[in-house]
Amino acid sequence: MEDLLQKVTSLCKRRGIIFPNSEIYGGIGGFFDYGPVGVEMKNNLKRYWWKNMVDKRENVVGIDGAIITHPKVWEASGHVENFGDEVIECKKCHQRFRPEDITEKCPNCGNTEFTEPRSYNLLFETEVGVLENSKMKSYLRGEACQTIYLDFKNVLDSTRQQIPFGIAQIGKAFRNEVTPNRLTFRTREFEQWDLQFFVHPNDMEKWFEYWKEERMKFYKELYRKQENVRLTQHPKDKLVFYAKDAYDVEYLAPWGWAENEGIHWRGDYDLTQHGKFSGKDLSYLDPNTGERYIPHIVETSGGVDRTLLMLLFDAYEEETLPNGEMRTVLKIHKDIAAYRAAVFPLVSNKPEIVQKARDIFATLSNDYKVLWDARGNIGKRYRYQDEIGTPFCITVDYETLENGTVTVRDRDTMEQKRVKIEDLDEALN
Ligand code: GAP
């Protein structure tokens, strides 16, 4: 199964899904770029989450917070003091590793002697300001959710929301991971989708259960292989000190079960800490009962890049066709696929056919992301679209000019049917 990681990595490079960052300079560990196909998939995935978590809910609103904040935020959150990983260092080549990644020998030089584990802070430091003596040390945010706590009061004062309600955000987070690995699974710059749902302390249980169910439903709709998705409770002795309960949504990656998203019982820890460190009152006054309290929080926090990677594992298939040829196909959710359909003129030297295909492309592109391809033969075009996961291929041919129909070919079944041009919208859904 580890083989699948290699295959997906190679497909990502070959088809413009994910590229190593700074590759012409030899690359830089833990940073990646999305290519022309990958950026569409990632944008679709983020839109899909936003639609599910914000647009369809009357009690959730969104924000887009800054990556750099006042440095005190990270003192209040506890990250400056203990946002760490343990590291050990090889005594010969001085490479650093997480102790759990080492069985016996240094993977780099084979040496067997290591230093004792040391604690290592994952926050990226930066400086704000231009004058040498007035520069302020700050950090790139180590988790996106902190911005939501900072904006809690502003959102409450500027919207019509009352508790219970949630604030959602999709945004970058940065961690100087000791061992970034497995393509975009563990990187140093990544994107998170977070919901912080604010509730009355007595309602925590109910909302925690509610969000566990909602989030599992979300992932089950997204993934094809249902048996590869599960919800796992954190052992009580592994919980951070303020958490009463936590679950992970996991997906069966090629190397085993892997965390996709955390559902955390954060209680009143975050607003209490920021209240203390900022000196501002972050309590909530219930307009109906007159009760004042610090809201408690259920968090759902997942990785966008990680989910996309898992979706690629979930979608990747190699199939032998009846004629003995092999095809690689990404059977990815049609709402996440980079393009809903590709439009082909059967031949390039017949202007009426090319024009008709261009007209269809122009009409469809009002509602869908579509791809134009007039290069090479139809077989090669299909192979390419299969590899990037395009659910439908539309071919304009001679018959189109006679009766106004086109062929629509289905990615998964490879079946082709003739469809009237005016019925294309229905055929793509
Ligand atoms: N605010 C809670 C929080 O940040 P987390 O479990 O540390 O919780 C949430 O992170 C999600 O972010 C993880 O489930 C994972 O999907 C993603 N994530 C965390 N670290 C990552 C990394 N180094 N690279 C890619 N994704 C990461």
Could you tell me which of the residues ALA315, ALA253, ALA258 is open to solvent by less than 30 Å² (accessible area, probe 1.4 Å), under 18 Å from ASP410 (Cα atoms) and modelled with pLDDT of 95 or more?
ALA315
Here the residues within segment 67-113 that are among the small types (Gly, Ala, Ser) and either closer than 30 Å to THR272 by Cβ or surrounded by 13 or more Cβ atoms within 10 Å (Cβ to Cβ) (or both) are ALA76, SER77, GLY78, GLY84
Can you confirm whether segment 261-281 contains a residue that is within 15 Å of the ligand (Cβ to nearest atom) and of a type in the set (Val, Ile, Thr)?
yes
Tally of residues being near the ligand (Cβ under 6 Å from one of its atoms) and either under 24 Å from ASP3 (Cα atoms) or of a type in the set (Asp, Glu) (or both) across segment 174-189
3
Being free of Cβ contacts under 8 Å to residues at least 40 places away in the same chain and part of a helix (DSSP H, G or I) is the filter here, so list the residues in segment 263-274 that pass it.
TYR269, THR272
Tell me which residues, restricted to segment 15-65, are β-branched (Val, Ile, Thr), closer than 23 Å to ARG160 by Cα and in contact with a helix residue (DSSP H, G or I) (Cβ under 6 Å, 6 or more places away or on another chain).
VAL60, ILE63
Yes or no: segment 293-307 includes at least one residue that is open to solvent by 40 Å² or more (accessible area, probe 1.4 Å), among the β-branched types (Val, Ile, Thr) and over 28 Å from ALA246 (Cα atoms).
no
Extreme residue, most open to solvent (accessible area, probe 1.4 Å), among residues of segment 230-244 that are in a loop (DSSP other than H, G, I, E, B) and touching a residue at least 12 places away in the same chain (Cβ under 8 Å):
LYS244
Inter-residue pairs, beta-carbon under 6 Å, first closer than 16 Å to ILE297 by Cβ and in segment 245-262, second within 9 Å of the ligand (Cβ to nearest atom), 6+ apart
ALA246/HIS264; GLU261/VAL249; GLU261/GLY302; GLY262/ASP248; GLY262/SER301
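The values are calculated or read from the model by the stated rules, or taken from the named source; none is laboratory data. Keep in mind that this is a model prediction, so the values were computed, not measured. Every residue, glycine as well, gets a Cβ built from its backbone with ideal geometry; the counts of neighbours run over all protein chains shown. These area figures cover heavy atoms from the full protein model, side chains too; ligands, DNA and RNA do not enter into them. Shrake-Rupley method; radii C 1.70, N 1.55, O 1.52, S 1.80 Å.
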